[in-house]
Amino acid sequence: MAVESKPRTLLMPGAARRRICMVTQAIGRRDAEDTTALRDLAALFAKDGNDVTLLWVAGRQKLSLGELAAHRKDLDAASVELEVLDRSDQLLPSLATPESRSAALLHYLEQSSHDLVYAPLEGGLAYFTLLAAETGAFAAPPVVVIARTPEEWAHEADKTFMGSTEALAIAYMEKYCAEMADRTLCASAALRKWMLAKGWKVRKSTVMPMLPTGPGIAQSSRPASEGENGRELVVFSAQRLRDGPTLFCDAMDILAPSAPEGLTVTAFGSFGKIMGEHSGGLLLRRAERWPFKLRLLPAAALEAKLDYALRCGALAVIPALAAPTGEIVTACIAAGVPFVATNVGANSEAWSAEARQPQPVDPDAVHLAGAIRDALDKPPRPRRIGTLGHRRQAWLDTRNISLSRKTRRQPATSPLVSVVIAHRNRPLYLKQAIAAVEAQTYDRLELVLVDDGSDLDQARELLDALEPIFCQRGWKILRRPHKHLGAARNAGVRAARGELILFVDDDNALFPEAVDHFVGAMAKSGADICTAFQLIFYEDFVPDDRADGLIQYLPLGGPDALGLIENVYGDANAMVRRSVFSQIGFLREEPGYAMHDWEFFARASLAGLKIRPIPKPLYWYRSKPDGMFRTSNWQDNRRPIIEAFVASRFADAGQLYQLAVAQNTASSEIESARENLKYNPANRHYLALCDLEPNSDAAIRKLAAIAASTGRSRTVEALLGEAPAKAGEDIIEETEGVGSFSLAHQALSSARLLTPRISELPLLLVAPGDGGIFLRPHQDGPVAASLDLRFPSFFRRLEAIVEVAHADAPAIDFGLALARPDLIIDCSRDIAAQTIAFSGWTTVEDKFARHSLTAALRVRRKMQLSIIVAVRFAGIPKGPTNAFFRQLTLFSN
């Protein structure tokens with residue numbers, strides 16, 4: 001019974017034009033799953049005579065005004081209107097959560113006049129729109145959900161746990177959207193099979209492959225050249241574990257000994273993280289074993305990659321470990337690009353024997369390497385098979401949808417609703433709450449007011465004044481001793497006559513249409529409990545204008561895995577069927593307990609009862625610092641909720657276990673690839689690359705610098721389009737490639753004096769420019785300095801170039817050591833006994849002649865060590881002195 005909803009007239013087949021809204025979460029991002037696909041669909045529908053809006057729900061992605069103008073211009077050329085949804089007047093300014101983005105979409109659609117909505121499954125954007133339709137809060141247009149890469153599927157394919165509450169929320173929202181959409185279109189049969197195996201109720205879903213990517217590619221003519229020396233592999237794998245970069249590298253290791261001469265491997269961004277390691281760095285590091293050339297090209301859309309492969313006459317390699325759409329295989333077939341692919345998921349569906357392409361192989365390195373070798377030895381002569389026309393028509397036919405949502409039989413008479421208000425010593429607020437009940441548009445209701453032992457005179461006087469009014473209306477006032485909120489509410493339920501109970505807090509105020517909406521939602525959805533959105537305010541009096549309030553709490557209604565961590569079900573101002581109390585019992589009655597609603601809803605949901613939030617604000621919620629929730633103890637509040645979950649057979653426990661494991665597993669285990677880089681000092685630049693945002697300018701330059709240091713000039717040019725010499729400028733000073741490096745001025749400047757002896761001249765100086773450390777011997781004993789934590793993990797050797805740097809200086813002893821950073825070195829005692837490695841004292845008599853000292857570890861150590869440099873007079877202290885450590889070089893072997 002949605003008071004503000006309007007009946008919708010649909011444009012059915014044969015109508016002149018349809019008003020279509022195509023929703024997308026990303027625009028212009030080459031690493032986003034739905035960017036090109038949904039834009040292409042929008043253009044297709046517009047070309048067929050529809051009024052099409054591409055609605056970009058901005059979320060966290062930001063575009064400059066110039067970028068946005070460019071996208072708008074491109075879409076205008078295709079007769080598609082671009083609208084940006086980056087806020088809702090009913091919400092806080094930032095759409096930073098999946099719940100807020102979904103709510104903003106609902107608010108947008110409520111104010112628009114679209115006849116048909118297409119939305120990606122990913123992110124659960126259509127969740128609140130479909131929930132509003134189920135509960136009767138909004139007469140939504142038909143919603144078609146396009147499923148390509150669900151959150152839970154992606155985590156499984158990338159072999160990661162859902163390690164955040166946001167991931168659990170998105171997975172729940174996506175499942176609901178797939179089940180409740182007016183039509184769910186799965187990009188492949190493999191994806192639909194996965195949904196069914198997970199228990200999703202999507203048996204009416206349809207398999208609908210996406211439009212082939214790269215319009216115009218099929219008309220391209222193959223150039224005469226077949227790539228550099230006729231041998232090039234273009235790998236379609238760079239960003240995620242499921243894309244198969246590790247499988248490709250394993251296959252290349254097998255292929256390397258027998259690789260054709262002049263072979264080039266080309267890989268495109270965008271880059272990502274594979275078990276913590278930069279995916280571009282992974283390819284570059286593994287390529288150190290390969291005799292062939294490597295190109296790493298910046299991020300590009302799929303059509304650009306196909307165009308590159310066609311121009312170079314390259315063999316495409318698709319080493320996916322999981323494939324929900326098969327779009328790369330389809331695109332290669334349509335473009336006539338020869339390819340080798342794994343037979344996982346939708347890849348097998350997309351492959352066609354008529355295309356004369358190699359048959360997909362099992363996803364293991366031996367089979368993949370063999371297939372690549374065979375294709376290189378005997379290049380395929382593919383036959384282009386275009387599916388564009390057929391698929392275009394199939395997608396156009398998806399518009400022909402009727403709105404046949406399930407409707408439950410409405411009761412012959414309106415059910416009696418018992419509004420239960422518990423009150424104690426808040427007469428000002430109570431008057432406002434009662435006034436709101438009196439203003440309801442629903443007329444079959446009673447009010448049961450339970451006073452929980454009020455002892456203020458004003459409160460008692462108000463109750464006395466209300467008694468005759470309540471009696472005249474058949475309403476009830478129960479005066480009870482103070483036993484706290486849970487007991488008061490339970491007393492109200494027992495005294496109520498209605499089959500539907502609506503709890504209302506005495507400091508909140510219902511909107512006039514609230515009971516109407518609650519009753520309608522219960523009937524339409526068949527829910528056992530309905531909660532609702534709320535508008536928050538902070539004053540003593542209810543605002544006159546709803547524009548003065550904001551929706552800040554967006555309960556989903558589940559999943560139970562999140563229900564243990566936060567109240568996903570809704571607020572206490574909820575409608576409950578009377579039968580619920582006989583099934584799960586009443587509210588808890590412990591004194592001081594503040595989360596009766598959360599605990600009660602959790603018990604209901606865990607018992608299999610249906611909870612549905614109404615995604616529409618139905619009351620004013622007063623937020624005050626002296627409220628019960630804000631003044632109670634959080635542990636006392638949550639303990640009963642834990643008890644409820646322990647007592648139930650928790651169906652979603654697996655997700656909760658994933659969350660617990662993911663959030664409490666050491667990063668060294670989760671990011672095992674990154675961790676392994678630490679054990680080889682030669683990989684330290686790859687390790688530094690892991691700490692950068694994968695596609696940032698800094699990461700690309702770092703990747704190019706590493707390529708330059710390994711002699712891959714073509715890789716550098718491909719990444720930056722500039723000379724390798726310039727690209728390598730940001731590498732730490734190198735002496736023998738990545739196996740050694742010399743400490744630069746910045747590191748040397750961290751030296752601290754260990755022997756603060758009294759001296760007219762400074763005992764420690766760091767030379768400017770190329771650096772070097774000056775130490776001045778002292779007549780009272782050795783002088784030493786420490787460079788804390790400057791000897792990296794797993795390095796083996798430290799070498800120093802030293803000299804006496806004064807023409808009149810006497811002989812000087814030089815020493816070099818490696819020490820634990822947590823030990824205090826006493827230079828008046830034997831240094832060798834206090835350190836892990838010591839060079840011994842080396843006497844230098846000649847002036848300005850360079851000598852070498854070495855301190856070496858017997859075994860590698862994971863701990864970073866401190867470097868100790870020390871000097872002393874070799875004989876009798878006399879004359880001016882200066883000892884110079886010209887260079888400190890660290891070796892990994």
> Across region 653-711, what is the number of residues that are among the basic types (K, R) and farther than 23 Å from R796 by Cβ?
Replying inline: 2
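Per-residue answers, yes or no, for (1) closer than 21 Å to H745 by Cβ; (2) among the hydroxyl-bearing types (S, T, Y); (3) in a strand (DSSP E or B); (4) open to solvent by 50 Å² or more (accessible area, probe 1.4 Å):
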| position | (1), (2), (3), (4) |
| --- | --- |
| F795 | yes, no, no, no |
| I824 | no, no, no, yes |
| A833 | no, no, no, yes |
| G840 | no, no, no, no |
| L888 | yes, no, yes, no |
>> Let me confirm something: among K862, K847, which residue is modelled with pLDDT under 90 and either within 20 Å of A767 (Cα to Cα) or open to solvent by 80 Å² or more (accessible area, probe 1.4 Å) (or both)?
In response: K862
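Conditions (1) touching a residue at least 60 places away in the same chain (Cβ under 8 Å); (2) farther than 30 Å from M252 by Cβ; (3) open to solvent by 30 Å² or more (accessible area, probe 1.4 Å); (4) not basic (K, R), marked per residue:
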site	(1), (2), (3), (4)
G389	no, yes, yes, yes
Q393	no, yes, yes, yes
N425	no, yes, yes, yes
Y429	yes, yes, yes, yes
A435	yes, yes, yes, yes
Y442	yes, yes, no, yes
>> Suppose we filter region 262-296 for residues that are open to solvent by 10 Å² or more (accessible area, probe 1.4 Å) and among the β-branched types (V, I, T); how many remain?
In response: 0
>> Under 8 Å between Cβ atoms, which residue pairs at least 6 apart in sequence (or on different chains) link something in region 536-562 that is in contact (Cβ under 8 Å) with a residue 60 or more places away in the chain and of a type in the set (V, I, T) with a partner that is part of a helix (DSSP H, G or I) and open to solvent by less than 50 Å² (accessible area, probe 1.4 Å)?
In response: V542/Q432; V542/A436; I551/A103
>> If I filter region 805-817 down to residues being surrounded by 23 or more Cβ atoms within 10 Å (Cβ to Cβ) and among the aliphatic types (A, V, I, L, M), which single residue comes out as farthest from N680 (Cα to Cα)?
In response: I812
> Restricting the search to region 302-319, which residues are buried (at least 18 other Cβ atoms within 10 Å of the Cβ) and outside any loop (DSSP other than H, G, I, E, B)?
Replying inline: L302, K305, L306, D307, Y308, A309, L310, C312, L315, A316, V317, I318
>> Restricting to region 339-379, count the residues that are assigned to a loop (DSSP other than H, G, I, E, B) and either on the phi > 0 side of the Ramachandran plot or touching a residue at least 60 places away in the same chain (Cβ under 8 Å) (or both).
In response: 5
> So which residues in region 80-119 are in a strand (DSSP E or B) and touching a Lys or Arg at 6+ places or on another chain (Cβ under 7 Å)?
Replying inline: L82, L116
> Here are some residues: V366, V361. Which one is touching a His at 6+ places or on another chain (Cβ under 8 Å) and aliphatic (A, V, I, L, M)?
Replying inline: V361
>> Are there helices (runs of 4 or more DSSP H) fully within region 499-589 with at least 3 residues that are open to solvent by less than 10 Å² (accessible area, probe 1.4 Å)? List them.
In response: 514-525, 560-563
>> Under 6 Å between Cβ atoms, which residue pairs at least 6 apart in sequence (or on different chains) link something in region 659-681 that is in contact (Cβ under 8 Å) with a residue 40 or more places away in the chain with a partner that is open to solvent by 70 Å² or more (accessible area, probe 1.4 Å)?
In response: V661/F161; A662/F161; E671/M275; S672/M275; A673/M275
> Quick one: would you say A299 is crowded, with 21+ Cβ neighbours inside 10 Å and hydrophobic (A, V, I, L, M, F, W, C)?
Replying inline: no
> Restricting the first residue to region 582-605 and requiring it to be more than 13 Å from A644 (Cβ to Cβ) and in contact (Cβ under 8 Å) with a residue 12 or more places away in the chain, which pairs with a second residue that is among the aromatic types (F, W, Y) and open to solvent by 30 Å² or more (accessible area, probe 1.4 Å) meet a Cβ separation below 8 Å and a spacing of at least six or different chains?
Replying inline: A594/F629
> Of all residues in region 647-678, which are part of a helix (DSSP H, G or I) and charged (D, E, K, R)?
Replying inline: E669, R674, E675
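The values are calculated or read from the model by the stated rules, or taken from the named source; none is laboratory data. Nothing here was measured: the structure is a model prediction, and the numbers come from that model. Cβ coordinates were reconstructed from backbone atoms using ideal geometry, including for glycine residues, and neighbour counts include every protein chain displayed. For the accessible areas, the whole protein counts, side chains as well, though only heavy atoms, and no ligand, DNA or RNA atoms are used. Shrake-Rupley method; radii C 1.70, N 1.55, O 1.52, S 1.80 Å.
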